[in-house]
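Below is one structure; the comments refer to it alone.
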Number of protein chains: 2
Amino acid sequence: MRIGAIEAGGTKFVCGVGNEEGIIEDRVSFPTEQPEQTTKNVIAYFQDKGVEAIGVGSFGPIDLDPTSPLYGYVTTTPKPGWANYPLLSTLKEAFDVPFGWDTDVNAAAFGEATWGAAKGLDSCVYYTIGTGVGVGVYTEGKMVHGLVHPEGGHVLTRRHPEDDFAGVCPYHGDCLEGMAAGPALEKRWKVKGSELTVDHPAWTIEAFYIGQAVASAILMLSPKKIILGGGVMHQEQLFPMIRAEVKKNLNGYVSAKAILEDIDSYIVSPGLGDNAGLCGALALGLAAAQGK
Amino acid sequence: MRIGAIEAGGTKFVCGVGNEEGIIEDRVSFPTEQPEQTTKNVIAYFQDKGVEAIGVGSFGPIDLDPTSPLYGYVTTTPKPGWANYPLLSTLKEAFDVPFGWDTDVNAAAFGEATWGAAKGLDSCVYYTIGTGVGVGVYTEGKMVHGLVHPEGGHVLTRRHPEDDFAGVCPYHGDCLEGMAAGPALEKRWKVKGSELTVDHPAWTIEAFYIGQAVASAILMLSPKKIILGGGVMHQEQLFPMIRAEVKKNLNGYVSAKAILEDIDSYIVSPGLGDNAGLCGALALGLAAAQGK
């Protein structure tokens with residue numbers, strides 16, 4: 001089976017062709033320009049690929065409600081040209097195949113549950129911590145949409161006692177994204193996160209915020225796996241620090257062996273590595289091909 | 001159809017018989033004693049009722065994993081006699097009918113989605129704020145179980161700037177339950193919450209904590225309805241205050257008409273009133289009868 005996958009990001013689009021084992025056989029990447037030009041590039045790429053279905057994991061916010069007149073649109077994004085753009089229907093006009101459609105982070109969570117770190121599990125929460133913080137939620141074998149879709153990057157966290165940074169979120173100031181995404185690191189420490197040493201106090205504060213959000217996600221959703229991806233999580237020293245924060249915050253309350261005894265296997269990096277996004281779109285396409 | 005319903009609480013058990021319209025035709029209530037005596041009372045009640053299925057919404061923590069050897073048990077509760085008690089199998093031995101089994105709060109959320117304030121919706125989050133804080137989570141038409149089950153009453157919240165109360169949660173001190181459940185109100189203000197005047201500053205602080213938790217739940221799960229029940233929420237003045245806190249915390253970020261324009265219909269009291277728990281168990285029983 002040949003399935004198309006589109007990781008539609010605000011900075012770049014990655015398109016690929018893969019199979020039902022989650023293997024990407026071909027891929028291409030181009031910068032996100034105006035929507036007309038960008039979709040033209042996407043369509044040109046898939047023109048001769050003979051795919052049986054296409055999955056799209058998109059930056060957002062997007063409309064996921066099949067009964068809505070704006071279903072398949074990118075909606076209120078500040079990204080120039082993209083607000084209220086009918087991304088899905090533009091692609092559907094070009095290719096008469098089944099389409100899967102979800103947020104980039106839900107797609108990544110689904111991809112991880114299909115082939116990655118949460119393989120075989122019916123729930124996981126996927127965080128991407130990079131230029132922003134995105135959260136994909138997969139519970140009881142379904143991607144969570146609800147009213148719009150989860151925006152868990154903006155949950156409110158308690159302030160670290162030694163941190164007086166105001167935060168960079170234009171909506172909330174010091175929400176999780178405002179305190180812990182890449183731009184917050186850079187503004188707080190005056191250098192890019194990737195230039196900070198592994199023992200810099202920045203990481204203690206970073207783990208404090210992420211660990212707190214993850215603990216609340218565990219309490220709220222009881223997921224079977226927590227997956228932390230994105231550029232900031234390339235700082236591997238963060239993992240043990242975040243796990244320690246989670247344990248401190250839960251304080252033994254959630255009586256699950258996975259957390260109490262095996263947290264190293266519970267809070268993990270993406271099994272699909274930096275392919276999580278594209279493989280997620282592939283998983284959406286595969287599900288669409290199978291009529292799910 | 002005659003369906004049995006058991007609201008298994010830590011303080012009292014409520015048993016009833018109802019039909020597929022959610023109408024409770026008969027009910028009885030007795031204090032929760034040692035498990036053997038309590039289940040004996042339950043079995044005696046249903047002996048001659050001729051029910052076709054029974055739903056149980058239970059206090060917890062409980063085991064919801066059908067593949068677990070402890071499925072159907074009340075697990076690590078501090079309640080004397082009840083830790084590791086096989087509640088479900090004890091009832092199943094007495095009645096050869098299909099059983100539904102979930103947490104009391106998930107059951108209430110499901111009952112509200114079946115006949116109450118979230119009728120016809122495929123998601124809602126149900127809070128009960130009383131002697132503790134419990135949270136039931138219903139997403140994409142399913143009750144969320146995951147690793148154990150949600151324990152959203154214990155999420156961490158920011159401290160109100162004028163509140164120096166330490167909190168009463170034995171695990172977390174100042175988590176949501178530690179700061180906002182009935183015992184926290186009583187310990188902070190030295191009188192029962194029900195004796196405080198409606199314009200007492202206690203309610204400003206109460207709404208601050210609940211509104212914060214609800215805002216984070218909206219960001220994490222994007223539910224189609226938020227339902228606030230339990231003894232503390234009999235203080236109806238809290239509703240507009242909580243809605244205002246939620247709007248303040250979200251600050252327009254979640255672009256959903258239900259929140260931006262119609263929050264009075266979005267954050268509501270249980271449509272089933274104080275029957276939410278028993279009707280929830282009834283809904284579980286009905287689903288079991290229908291083989292769901």
Checklist entry - Given H placed 1.01 Å from N in the peptide plane, which residues other than close sequence neighbours of A:Gly55 have an amide H under 5 Å from its amide H? => result A:Gly4, A:Ala5, A:Ile6, A:Gly100, A:Gly285
Checklist entry - With contacts defined as alpha carbon pairs under 8 Å and 6 or more residues apart, what's the relative contact order of chain B in percent? => result 23 percent
Item to check | Spatially close lysines, pair count over region B:1-148: Cα under 25 Å, gap of eight or more or interchain | outcome: 11
Checklist entry - What are the ³J(HN,Hα) values, in whole Hz, obtained from phi via the Karplus relation 6.51 cos²θ - 1.76 cosθ + 1.60 with θ = phi - 60°, for each residue of region A:64-79 in sequence order, with x given for Gly and Pro? => result 10, 8, x, 8, 8, x, 9, 3, x, 8, 7, 9, 9, 4, x, 5
Checklist outcome for this item: Listing A:Ser222, B:Ser255, A:Ser216 by rising number of other beta-carbon atoms within 10 angstrom, fewest first, gives B:Ser255, A:Ser222, A:Ser216
Item to check | Sequence ranges B:132-140, A:201-209, ranked by mean other-Cβ count within 10 angstrom, highest first | outcome: B:132-140, A:201-209
Next on the checklist: Just want the ordering: A:Val254, A:Val191, B:Val168, from fewest to most Cβ atoms lying within 10 Å of their own Cβ.
Outcome noted: A:Val191, B:Val168, A:Val254
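For each of B:Thr90, B:Thr67, A:Thr197, count neighbouring Cβ atoms within 10 Å of the residue's Cβ, then give the residues from fewest to most.
B:Thr67, A:Thr197, B:Thr90
Please list, by residue number, every one of the chymotrypsin sites (Phe, Trp or Tyr not before Pro) in region A:15-86 that is coil in DSSP and has at most 16 other beta-carbon atoms within 10 Å.
A:Tyr71
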Item to check | Low-density loop cleavage sites - trypsin sites (Lys or Arg not before Pro) in region A:72-162, where at most 13 other Cβ are within 10 Å (DSSP) | outcome: none
Item to check | Surrounding net charge for A:Val17, when Lys and Arg each add one and Asp and Glu each subtract one, Cβ distance under 11 Å | outcome: -1
Item to check | Between 0 and 90°, nearest 10: helix A:201-221 axis offset from chain A longest Cα axis | outcome: 70 degrees
Checklist outcome for this item: Excluding residues fewer than 8 positions from A:Lys248 in its own chain, the lysines with Cα under 17 Å of it are A:Lys257
Next on the checklist: Against the empirical 2.2 N^0.38 Å scaling, what ratio does the C-alpha Rg of region B:109-199 come to?
Outcome noted: 1.27
Checklist entry - When the Cα centres of region A:87-110 and region B:2-70 are compared, how far apart do they sit, in Å? => result 45 Å
Checklist outcome for this item: Taking every other residue with Cβ under 11 Å from the Cβ of A:Ala289 and scoring Lys and Arg +1, Asp and Glu -1, one gets 0
Item to check | For the protein assembly as shown, with +1 on Lys and Arg beta carbons and -1 on Asp and Glu, the positive-most of B:Leu221, B:Ser194, A:Gly4 along the dipole | outcome: B:Ser194
Item to check | Cα centroid separation - region B:191-210 against region B:226-292, whole Å | outcome: 19 Å
Next on the checklist: Could you give me D for the protein assembly as shown, from Stokes-Einstein at 4 °C and 1.567 mPa s, where the hydrodynamic radius is the Kirkwood radius over C-alpha pairs? Units µm² s⁻¹, please.
Outcome noted: 53 µm²/s
Item to check | Net charge of Cβ neighbours under 15 Å - reference A:Val254; Lys, Arg +1; Asp, Glu -1 | outcome: -1
Next on the checklist: Can you compute 3J(HN,Hα) from phi for each residue in region B:278-292, using the Karplus curve 6.51 cos²θ - 1.76 cosθ + 1.60 with θ = phi - 60°, rounded to whole Hz and x for Gly and Pro?
Outcome noted: 5, 5, x, 4, 4, 5, 4, x, 4, 4, 5, 4, 8, x, 8
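Every number here is computed from the coordinates shown, using simple stated rules; none is lab data. Given the structure is predicted, the values throughout are model-derived calculations rather than measurements. A quick note on method: Cβ atoms are made from the backbone with ideal geometry, for glycine too, and the neighbour counts reach across all protein chains shown.
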